[in-house]
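Worksheet for the structure shown next.
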Amino acid sequence: MTPQTDASIPSYTLNCRMSQETAALERLCQVVRIRGFRIARMAVESAGDHLDIALTLEGSRPIAMLQSQLEKLHTVVDVALGQGAVVRSRSA
Amino acid sequence: MNGAQHILDAFHRHHISTVFGYPGGCIMPLYDALVDDVGVEHVLCRHEQACALAADGFARASGKLGVCIATSGPGATNLITGVANAHRDSIPMLVITGQVPSGLIGTDAFQETDVLGMTLGIVKHSYLIDDADSLPAIMEEAMALAQGGRPGPVWIDIPKDVLLTEVAAAPFAATEQPPSACPDLTDAIHMLRAARKPLLYSGGGISLAHAEDSFRAFAEASALPAVVTLKGIGNPGKHNPYNLGMLGMHGSRAANKAVDECDLLLVIGARLDDRATGNLAGFAPNAKMIHIDADAAEINKLRTADMAIRGELNSILERLTDALESKPLTIADWQKHCRTWHTTGGFSAADNEEPLAPITGPAFIRQLSRIAPDDTIVACDVGQHQMWVAQHYEFDHPRHHLTSGGLGTMGFGLPAAIGAQFADHSSTVINVTGDGSFMMNAQELATIRRYNLPVKLIVMDNQCLGMVRQQQELFYGNRESQINLDDNPDFVAMARAFDIPALHIERTDQIRRGIETILAYDGPMLLHVAISREDNVWPIVKPGASNREMIDETRRTSTANKEHVA
C-alpha cells in the first residue's frame, strides 16, 4: 500500500500480547502493513512465553478493522487499543 | 518413530487417506516413510502448484482437509499460488514442506528459501519446526486450526533433520472443543418481520460451515428472495422459486435489481467482496443489513451492519428456521416483484435453432447443465467460461461448483477436478476451461492418465484471453494488447499424446452429441469446443462502478478513454 501523504493522519496506540514463536513480529507487522497502517513506534518486551508489543500506528482506515484482523492471528493473546485517536500533523 | 513417521501417524489418526505431493531433497525422509505406509494414498502431480490446487479441489468437493506436500526451495515456492488460492477462499488445507537441515538455515544452502517469511500473508497460520518433540502437538494443532472457525491453509515447514530425528513425545491427543452457544436472535427476527422487502444474500461461508442443509431449510421456510455470490452458487438449490441467482459484476439484472430495491439485506456467510457489491457507495442503498458470519473480522469490514451476529452458522440458521416456520413472513408482494424480475431479468440464453451456427458459450453451458447428471461436479478455470458456468449452469449444491473466487487463479480447474475426483470416485467430474487457463496446468493430463481418472475436460477455445479482450474492448477503447492465442496447439492431438481421447466440435448441432459422447465414455475424455473470439459475457458492470450501471448487449458501449480496471 502506498504510504500516506495526507497532512493529518490519525494516530493510535495499540498494545498487543502474543506468544513467543518463530516470526511472531513479522506476522504482526505484515498484518499492520497490508491493512493500511504505518508503524511510527514499536517497543517489544519479552515476558516469559509472551511478547508484549506497544505500537504507535498511523493510518486513515478504521483502527477497529486492524484490531479484529490482529485478533484473528492464532498466536495473538490480546489486543488493546489506547484511548482515542490522535490526529497528528506529518509535517509537525 | 521419527518425525516423518509421526506425520503419517497423524494422517492415520485423522483419517486422511489422500494427499497430493511431489518429492525432492529435503522432504525425502517423508517419502521414504511412505514406502512402508499403508493407508495413505499419495497422488503424484506433475507440478507443485497442481498439488496445492488438487488438494484445494479435494477439500472443496469433500468438505474435508486437503493435504499437499513438497520439498524446500522451488517445491515450496511452486505451492504458493495454490495455497494463496485456498487462503482467499478459506479452504481447509494442510501444507507440509521440507526445509534444509536446521544447521543450514540462513546459510543460503541449496534449495533453501525462507518459506515461512514469504508465505505469512497467505496462510491462516504457519510453523517452522525447530524441535522434533514439538512435531506431534503441532501436527494436531495445525489440522484443528485449518478446519476450525473460518477455515484456511496452515503451513508446516520441517527441516530435514527433524524428519529424521526420533521423536520422544507421544502422539498428541486433541481435546474436543465444546460447541459455542447460539447468539440471541430476537432482534434479528424482529428486523426480518418488520421488513417489507427483505433479501437473503449468501456466500461461500455456508458450505465452509457445513451448513448447506440448514441453509436450504431456512431458505425454504422463509421463502425469502435470494441472491448468491460466486461461491454461494447452489446454496438455495435450483428448485427454489425465489432464487435470483448470482449478483455482482456478471450477476443477473434481477439479482442486482433486488439488492438495489430491498429494505433489508440478510447477509449470511459472505464478505461483501467488491466483485459482488460493485461500488459500495451505491450498494443496497435502501437497506438495513443483518450480517451473520463465523469470522468477526468480516463484520463491519466494508459496510457497517445494523445488526452483527457472529457465530456458528448451523445453530443460527436452525433457530431462524424454527422462528419463521412457526410464524411465516408476509412478503407476498415483494416475492411477486422478485419473481417478475427473475422472469424478465434472469440469465437467459436462447438455444440456437440454426444447426450450422457457431457455438456460443452460454448456449453450450445450458445444454451441459441439462444433460449432465445431477451430482456432477464442475471445476472451472478463470475467465469468460467461468462466468458462463456461474450464470447458466443450474447447480443444486455449492460443493458441485468449484471455482477460484477470491484469487481468480487461471489453471485452477484441471488440478481441482483431479482433487474432486479423488474426493468422490463415483460422481461425474467435469473441468470446464478456456484455452488460456488450460495451458497453465496442462501437464496434469499426465496425472489424469496415470490414475485413469474419468475426468471430462471441456476446453472452450476462443483463441484469445477472452475476459481481458472483452474489458479491452469495452473499457480501453478496443485496444487489444497481448490477448491473442491463435497459435494454440492442436488440443485434440495434445490430449491424444497423453493417451486421452478427444473430440472437436464447432457447430450448434454438434453440442448434444459432443457432451453425450464424453459423458458416456468410460474414462477421461476431452471435448474441444471452438467458440467465437468476439463473444462477451453479459451483463457486465465496469470495475469500480455501481451494480446499477450494468452494461448488457443491447446497451453495449465502448469508451474511448483508457480507464483503470481493477
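The values are calculated or read from the model by the stated rules, or taken from the named source; none is laboratory data. Computed from a predicted model, the values in this text were never measured in an experiment. Positions of Cβ are generated from backbone atoms using ideal geometry, with glycine treated the same way; all protein chains shown enter the neighbour counts.
Is there a residue being under 17 Å from B:Cys51 (Cα atoms) and of a type in the set (S, T, N, Q) anywhere in the range B:382-403? Outline the logic, then answer.
Here is the first cut: in the range B:382-403, the residues under 17 Å from B:Cys51 (Cα atoms) are B:402-403.
Within this subset, residues satisfying the condition of being of a type in the set (S, T, N, Q) are B:403.
Within the range B:382-403, one or more residues are under 17 Å from B:Cys51 (Cα atoms) and of a type in the set (S, T, N, Q).
Considering the range B:415-454 alone, what residues qualify as being of a type outside the set (S, T, N, Q), closer than 19 Å to B:Gly63 by Cα and within 18 Å of the chain's Cα centre (by Cα)?
If we filter the range B:415-454 for residues that are of a type outside the set (S, T, N, Q), which is where we start, we get B:415-420, B:422-425, B:429-430, B:432, B:434-436, B:438-440, B:442, B:444-446, B:448-451, B:453-454.
Remaining after also requiring closer than 19 Å to B:Gly63 by Cα: B:415-420, B:422-425, B:429-430.
Within the range B:415-454, B:Pro415, B:Ala416, B:Ala417, B:Ile418, B:Gly419, B:Ala420, B:Phe422, B:Ala423, B:Asp424, B:Val429, B:Ile430 meet the criteria.
Could you run through the range A:23-64 and say how many residues are in contact (Cβ under 8 Å) with a residue 40 or more places away in the chain and either surrounded by fewer than 16 Cβ atoms within 10 Å (Cβ to Cβ) or in contact with an Asp or Glu (Cβ under 9 Å, 6 or more places away or on another chain) (or both)?
Within the range A:23-64, the subset in contact (Cβ under 8 Å) with a residue 40 or more places away in the chain is A:24, A:27-28, A:31, A:54-60, A:63.
Now narrow it down to the ones that are either surrounded by fewer than 16 Cβ atoms within 10 Å (Cβ to Cβ) or in contact with an Asp or Glu (Cβ under 9 Å, 6 or more places away or on another chain) (or both): A:27, A:54, A:60.
Of the residues in the range A:23-64, 3 are in contact (Cβ under 8 Å) with a residue 40 or more places away in the chain and either surrounded by fewer than 16 Cβ atoms within 10 Å (Cβ to Cβ) or in contact with an Asp or Glu (Cβ under 9 Å, 6 or more places away or on another chain) (or both).
Of the residues B:Arg196, B:Arg216, B:Arg253, which is within 13 Å of B:Cys338 (Cβ to Cβ) and at pLDDT 95 or above?
Details: B:Arg216 fails: within 13 Å of B:Cys338 (Cβ to Cβ); B:Arg253 fails: at pLDDT 95 or above.
When all the criteria are applied, what remains is B:Arg196.
Say whether the condition of being in a loop (DSSP other than H, G, I, E, B), farther than 30 Å from B:Ala4 by Cα, free of Cβ contacts under 8 Å to residues at least 40 places away in the same chain and not assigned by TED's automatic domain parsing to the domain that holds B:Met387 is met by at least one residue in the range B:204-217. Give the steps one after another, and end with the answer.
So the first thing to find is which residues in the range B:204-217 are in a loop (DSSP other than H, G, I, E, B), and the list is B:204, B:209-211.
If we keep only those that are farther than 30 Å from B:Ala4 by Cα too, we end up with B:204, B:209-211.
Right, trim to free of Cβ contacts under 8 Å to residues at least 40 places away in the same chain and you get none.
Looking through the range B:204-217, none of the residues is in a loop (DSSP other than H, G, I, E, B), farther than 30 Å from B:Ala4 by Cα, free of Cβ contacts under 8 Å to residues at least 40 places away in the same chain and not assigned by TED's automatic domain parsing to the domain that holds B:Met387.
Within the range B:246-262, track down each residue that is within 17 Å of the chain's Cα centre (by Cα) and either charged (D, E, K, R) or not in a loop (DSSP other than H, G, I, E, B) (or both).
B:Met246
Scan the range B:180-191 and tell me whether some residue there is part of a loop (DSSP other than H, G, I, E, B), surrounded by fewer than 18 Cβ atoms within 10 Å (Cβ to Cβ) and on the phi > 0 side of the Ramachandran plot.
Applying the first criterion (part of a loop (DSSP other than H, G, I, E, B)) to the range B:180-191 yields B:180-185.
Checking which are surrounded by fewer than 18 Cβ atoms within 10 Å (Cβ to Cβ) leaves us with B:180-184.
Filter once more, so that each one left must be on the phi > 0 side of the Ramachandran plot: none.
Within the range B:180-191, not a single residue is part of a loop (DSSP other than H, G, I, E, B), surrounded by fewer than 18 Cβ atoms within 10 Å (Cβ to Cβ) and on the phi > 0 side of the Ramachandran plot.
Having 2 or more residues that are in contact (Cβ under 8 Å) with a residue 60 or more places away in the chain and within 23 Å of B:Gly413 (Cβ to Cβ) is the bar; report the strands (runs of 3 or more DSSP E) wholly within the range B:442-556 that clear it. Outline the logic, then answer.
Numbers: elements: B:456-461, B:502-505, B:525-530.
Because the criterion is at least 2 residues that are in contact (Cβ under 8 Å) with a residue 60 or more places away in the chain and within 23 Å of B:Gly413 (Cβ to Cβ), the strands (runs of 3 or more DSSP E) in the range B:442-556 that meet it are B:456-461, B:525-530.
Of A:Glu45, A:Glu21, which residue is touching a strand residue (DSSP E or B) at 6+ places or on another chain (Cβ under 9 Å) and within 12 Å of chain B (Cβ to nearest Cβ)? Quick ask: steps written out before the conclusion?
Numbers: A:Glu45 fails: within 12 Å of chain B (Cβ to nearest Cβ).
Among A:Glu45, A:Glu21, only A:Glu21 is touching a strand residue (DSSP E or B) at 6+ places or on another chain (Cβ under 9 Å) and within 12 Å of chain B (Cβ to nearest Cβ).
Is at least one residue of the range B:356-372 over 18 Å from B:Val227 (Cα atoms), of a type in the set (Val, Ile, Thr) and in contact with a strand residue (DSSP E or B) (Cβ under 7 Å, 6 or more places away or on another chain)?
Filtering the range B:356-372 down to residues over 18 Å from B:Val227 (Cα atoms) leaves B:356-372.
Narrowing the set further to residues that are of a type in the set (Val, Ile, Thr) leaves B:359-360, B:365, B:371.
Okay, now just the ones that are also in contact with a strand residue (DSSP E or B) (Cβ under 7 Å, 6 or more places away or on another chain), so B:359-360.
Yes, that holds for at least one residue.
Scan the strands (runs of 3 or more DSSP E) fully inside the range B:74-178 and keep the ones with 1 or more residues being away from every other protein chain (no Cβ under 14 Å). Write out each step before concluding.
Details: elements: B:93-99, B:125-128, B:153-159.
By residue number, B:93-99.
Tally up the residues in the range B:11-39 that are closer than 23 Å to B:Val115 by Cα and in a loop (DSSP other than H, G, I, E, B), please.
Within the range B:11-39, residues that are closer than 23 Å to B:Val115 by Cα and in a loop (DSSP other than H, G, I, E, B) number 3.
Does B:Asp32 meet the test of being within 23 Å of B:Gly205 (Cα to Cα) and among the acidic types (Asp, Glu)? Show your work before the answer.
Numbers: within 23 Å of B:Gly205 (Cα to Cα): no; among the acidic types (Asp, Glu): yes.
No; evaluated as a whole, the condition is false for this residue.
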